[in-house]
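A short worksheet on the structure shown next.
The values are calculated or read from the model by the stated rules, or taken from the named source; none is laboratory data. Treat the numbers as computed from the prediction; the structure is a model and nothing was measured. Every residue, glycine among them, receives a Cβ derived from its backbone with ideal geometry; neighbour counts consider all protein chains shown.
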Amino acid sequence: MMRRAPVLRLCLVLLLAGCGQKVVQVKGVLVKDGVPFKAAPTDVVQILFLWKNEKGLSMAASSRFNPQDGSFEVLGPTANGVPPGQYRIAVTGNHYPASGPDFFKGELEDEKTPLTYTVTQAPVQNIVIDVGKKTVAPQ
């Protein structure tokens with residue numbers, strides 16, 4: 001059993017590293033009808049980039065959101081970006097502790113979201129997600 005531990009650790013490291021797959025930094029700003037979406041420091045705003053991997057499994061990459069100016073950075077599976085490809089973007093928000101409906105009325109949740117973005121090969125990409133207009137555009 002002890003001999004399996006190093007092999008399992010190596011497999012885990014390779015899995016988390018994506019086996020050398022290229023990743024791209026995606027950053028941007030969350031706006032509502034063109035105005036930066038600002039939240040209270042205790043509010044929880046979550047931006048998820050959703051995709052299916054080469055085996056067809058659903059994957060999600062979380063983002064770091066700044067409530068002061070609406071900026072965000074997509075962290076990805078290894079906290080350094082996401083692989084190029086087609087993504088659906090889910091956005092949710094609520095007060096903490098949870099009270100009342102989602103800021104976006106559930107319209108931008110995982111299965112309902114109309115927001116999509118294609119991450120290209122460019123190493124850094126800046127985008128604007130407009131939750132009022134339900135659009136995603138380069139910045």
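Overview of values
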{"read-out": "Meets criteria (over 18 Å from LYS22 (Cβ atoms), out of contact with any Cys (no Cβ under 7 Å at 6 or more places or on another chain), surrounded by 18 or more Cβ atoms within 10 Å (Cβ to Cβ) and of a type in the set (Gly, Ala, Ser)) for SER63", "value": "yes"}
{"read-out": "Enumeration of residues in the stretch 77-116 that are among the small types (Gly, Ala, Ser) and either in contact with a helix residue (DSSP H, G or I) (Cβ under 9 Å, 6 or more places away or on another chain) or more than 29 Å from LYS22 (Cβ to Cβ) (or both)", "value": "GLY93, ALA98, SER99, GLY100, GLY106"}
{"read-out": "Qualifying residues in the stretch 17-43 (those that are surrounded by fewer than 16 Cβ atoms within 10 Å (Cβ to Cβ) and of a type in the set (Val, Ile, Thr)) - the one farthest from PRO84 (Cα to Cα)", "value": "THR42"}
{"read-out": "Verdict on GLU111 being at pLDDT 95 or above and either surrounded by fewer than 17 Cβ atoms within 10 Å (Cβ to Cβ) or out of contact with any strand residue (DSSP E or B) (no Cβ under 8 Å at 6 or more places or on another chain) (or both)", "value": "no"}
{"read-out": "GLY76 in contact with a strand residue (DSSP E or B) (Cβ under 9 Å, 6 or more places away or on another chain), at pLDDT below 95 and crowded, with 19+ Cβ neighbours inside 10 Å", "value": "yes"}
